[in-house]
Amino acid sequence: MARSHNVIRKDVRPLIANFRLYLVRFMRLVLFLCACSLAIAEDAFSSEATSPSQASDDEQTLWNLERAYWRYVEQNDLAAYSDLWHKDFLGWPSVSASPVRKDHITDWITSQTAKGLAFKTVEFKPAAIQISGDVAFACYWVRFSWVDKEGSGSPHTFRITHAWLRSGKDWRIIGGMSMPESENPAK
């Protein structure tokens, strides 16, 4: 009887060895999956992650700032308008032959108001916004007119892009470009 017991043992040994091998592989897989889950959870709950409601709040804040931009131009409030811009701003407005810095950001306004013209916003139409941490990029169309004392002036539509940088709780425009919209824009 002892002999048959040894025979069974010899038959079971490869199964036990295979079982141990599969058990080790299974444990490694479980540890790997746990590590991946922890890494994903850490990223999802890190302080730098932006919640959907925060992103939505930031989007609303930025669109409100973009609307304020045009309101300040319309009111000819150059101080409030200038406060929207980051000290290191660099951009290329369509009315400038070369890129400008913050110290020349109001030139396009004063060149028209010096002629006795007033700015009137006709339409503000958001296109898209992308926020990544403390950097945002807003794209939109604005339709406006420079009008004389009688209220006459031709409307113009421009495409605007602004790059915003958050410093603390405040957002400032750090870069941007504009271009006139053609009569028949590509779709």
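The values are calculated or read from the model by the stated rules, or taken from the named source; none is laboratory data. Everything numeric here is computed off the predicted structure, so don't read it as measured data. Cβ atoms come from the backbone with ideal geometry, glycine included; neighbour counts cover every protein chain shown.
Can you report the number of residues in region 123-162 which are within 30 Å of Asp57 (Cα to Cα), in contact with a Leu (Cβ under 8 Å, 6 or more places away or on another chain) and either assigned to a strand (DSSP E or B) or not assigned by TED's automatic domain parsing to the domain that holds Leu84 (or both)?
Residues flagged as within 30 Å of Asp57 (Cα to Cα), in contact with a Leu (Cβ under 8 Å, 6 or more places away or on another chain) and either assigned to a strand (DSSP E or B) or not assigned by TED's automatic domain parsing to the domain that holds Leu84 (or both) within region 123-162 amount to 5.
Take the residues of region 93-128 that are farther than 15 Å from Thr157 by Cβ and of a type in the set (Lys, Arg): which is surrounded by the most Cβ atoms within 10 Å (Cβ to Cβ)?
Per the criteria, the residue is Lys102.
From the list Leu84, Leu78, Leu90, which one is surrounded by 15 or more Cβ atoms within 10 Å (Cβ to Cβ), more than 18 Å from Leu62 (Cβ to Cβ) and not hydroxyl-bearing (Ser, Thr, Tyr)?
Leu78
Condition first: part of a strand (DSSP E or B) and modelled with pLDDT of 95 or more. Now tell me which residues in region 110-122 satisfy that.
Across region 110-122, the qualifying residues are Ala118, Phe119, Lys120.
Those residues that are within 11 Å of Ile173 (Cα to Cα) and polar (S, T, N, Q), I need them from region 59-110; list them, please.
Matches in region 59-110: Ser82 only.
Could you please let me know if Ile131 is surrounded by 13 or more Cβ atoms within 10 Å (Cβ to Cβ) and more than 22 Å from Ser96 (Cβ to Cβ)?
Yes: the conditions hold for Ile131.
Take the residues of region 99-123 that are out of contact with any helix residue (DSSP H, G or I) (no Cβ under 6 Å at 6 or more places or on another chain) and in contact (Cβ under 8 Å) with a residue 40 or more places away in the chain: which is nearest to Trp70 (Cα to Cα)?
Lys120
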